[in-house]
Amino acid sequence: QLTGICTAPPAEVVQKETAGADRYATALASSAESFPNGAGAVVIATGEKFPDALGGSALAGVLDAPILLSRSSALSAGVVAEVQRLGATEVYVLGSSAALSPAVQTALADVVGAENVHRIGGANRYITANAVAAKVIELRGGSYDGKAFVATGEGFTDALAASPIATADGRPVYLAPRGGITAGTLAAMQVAGVTDCVILGGETAIPAGTSAAISGAGMTVMRINGADRYETAAKIAEYGVTDC
């Protein structure tokens, strides 16, 4: 159940480090820390590139599931063990077979059954993000409020800063190339019922033409950006606890 993060901050902030020997082990440690009593579903993304995992943050939120990372060619024994520990019965594999090979999907099928492994992917990161967003909205059903993020697909920082909001509120994340949002993504947003769009980053990341195209498609648009990625992240965090 989505609860959102637009609540008063805690009286005391507790800092805790969760880490592993590498990105894959860190994801496993994070899953163990966040889901000590298991989870009904798991989201699997490649650890070799960033876009699919970022788009998967909202999906993980609506599923109340961890995101685990895999190498593209094969599933590690650690991931298999964590899926089993969680007791997951559904697995969502993000990206095409170029991102996560058929061998990864087969290994997961051996754990939960082929009918319970669902691949969400397309020919590139933008189409995959559209498909993930569509699944998020489908799973939310009538609770979807029409709000979405748009971030650059050429860097990870802005979408990463918004991922806690995307996870907590089940807010889909669409990706745009530097040259401007694609017609396919704009159409996907319209079909999905997006009404309010928050653009992440300055015009170097997301050009003014993208904002104009989204607005011209009948959606309201606001932009969150700072002088650099760090200030942008701070402003996104502020938005997350005050305005979302």
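The values are calculated or read from the model by the stated rules, or taken from the named source; none is laboratory data. From a predicted model like this one, the values you see are computed outputs, not experimental measurements. Cβ atoms come from the backbone with ideal geometry, glycine included; neighbour counts cover every protein chain shown. Just the protein is used for accessible areas: all its heavy atoms, side chains included, with ligands, DNA and RNA removed. Shrake-Rupley method; radii C 1.70, N 1.55, O 1.52, S 1.80 Å.
State all residues of region 149-170 that are touching a strand residue (DSSP E or B) at 6+ places or on another chain (Cβ under 8 Å), open to solvent by 10 Å² or more (accessible area, probe 1.4 Å) and not in a helix (DSSP H, G or I); if no residue qualifies, say none.
152
How many residues are farther than 19 Å from residue 33 by Cβ and in a loop (DSSP other than H, G, I, E, B) if we restrict to region 67-114?
Adding up the residues that qualify gives 14.
Of everything in region 180-201 that's touching a helix residue (DSSP H, G or I) at 6+ places or on another chain (Cβ under 8 Å) and of a type in the set (Ser, Thr, Tyr), which residue is nearest to residue 166 (Cα to Cα)?
185
Please work out which residue is most open to solvent (accessible area, probe 1.4 Å), limiting yourself to region 30-46 and to residues that are among the small types (Gly, Ala, Ser) and within 16 Å of the chain's Cα centre (by Cα). Don't jump to the end; show me each part of the working.
Initially, region 30-46 is screened for residues among the small types (Gly, Ala, Ser), giving 30-32, 34, 38-41, 45.
The next check asks that each one be within 16 Å of the chain's Cα centre (by Cα); those that pass are 30-31, 41, 45.
Numbers: 30: 53, 31: 3, 41: 7, 45: 0 Å².
Per the criteria, the residue is 30.
Considering only residues that are hydrophobic (A, V, I, L, M, F, W, C) and open to solvent by 100 Å² or more (accessible area, probe 1.4 Å), look in region 1-29 and name the one that is modelled with the highest pLDDT.
First, the residues of region 1-29 that are hydrophobic (A, V, I, L, M, F, W, C): 2, 5-6, 8, 11, 13-14, 19, 21, 25, 27-29.
Filter again for open to solvent by 100 Å² or more (accessible area, probe 1.4 Å), leaving 11, 13-14, 21.
Details: 11: 60, 13: 68, 14: 73, 21: 86.
In this case the residue turns out to be 21.
Please work out if residue 131 is within 23 Å of residue 193 (Cα to Cα), open to solvent by 20 Å² or more (accessible area, probe 1.4 Å) and among the hydrophobic types (A, V, I, L, M, F, W, C). Explain how you work it out, then say what you get.
Values: within 23 Å of residue 193 (Cα to Cα): yes; open to solvent by 20 Å² or more (accessible area, probe 1.4 Å): yes; among the hydrophobic types (A, V, I, L, M, F, W, C): yes.
Criteria met by residue 131.
State the number of residues belonging to region 88-107 that are farther than 25 Å from residue 137 by Cα and touching a residue at least 40 places away in the same chain (Cβ under 8 Å).
Residues flagged as farther than 25 Å from residue 137 by Cα and touching a residue at least 40 places away in the same chain (Cβ under 8 Å) within region 88-107 amount to 1.
Here is a list: 175, 186. Which entry is in a helix (DSSP H, G or I) and either among the polar types (S, T, N, Q) or surrounded by 17 or more Cβ atoms within 10 Å (Cβ to Cβ) (or both)? Give the steps one after another, and end with the answer.
Numbers: 175 fails: in a helix (DSSP H, G or I).
Criteria check complete, one pass: 186.
Out of (1) open to solvent by 20 Å² or more (accessible area, probe 1.4 Å); (2) under 30 Å from residue 209 (Cβ atoms); (3) not in a helix (DSSP H, G or I), the odd one out for residue 119 is which?
The single condition residue 119 does not satisfy is (2).
Name, by its number, the condition in (1) farther than 18 Å from residue 243 by Cα; (2) surrounded by fewer than 16 Cβ atoms within 10 Å (Cβ to Cβ) that does not hold for residue 146.
(1)
Among the numbered conditions (1) in a helix (DSSP H, G or I); (2) open to solvent by 10 Å² or more (accessible area, probe 1.4 Å); (3) in contact with a Gly (Cβ under 9 Å, 6 or more places away or on another chain), tell me where residue 59 comes up short.
Just one mismatch for residue 59, condition (2).
Across region 189-224, what is the number of residues that are open to solvent by 30 Å² or more (accessible area, probe 1.4 Å) and at positive phi?
Selection size over region 189-224: 2.
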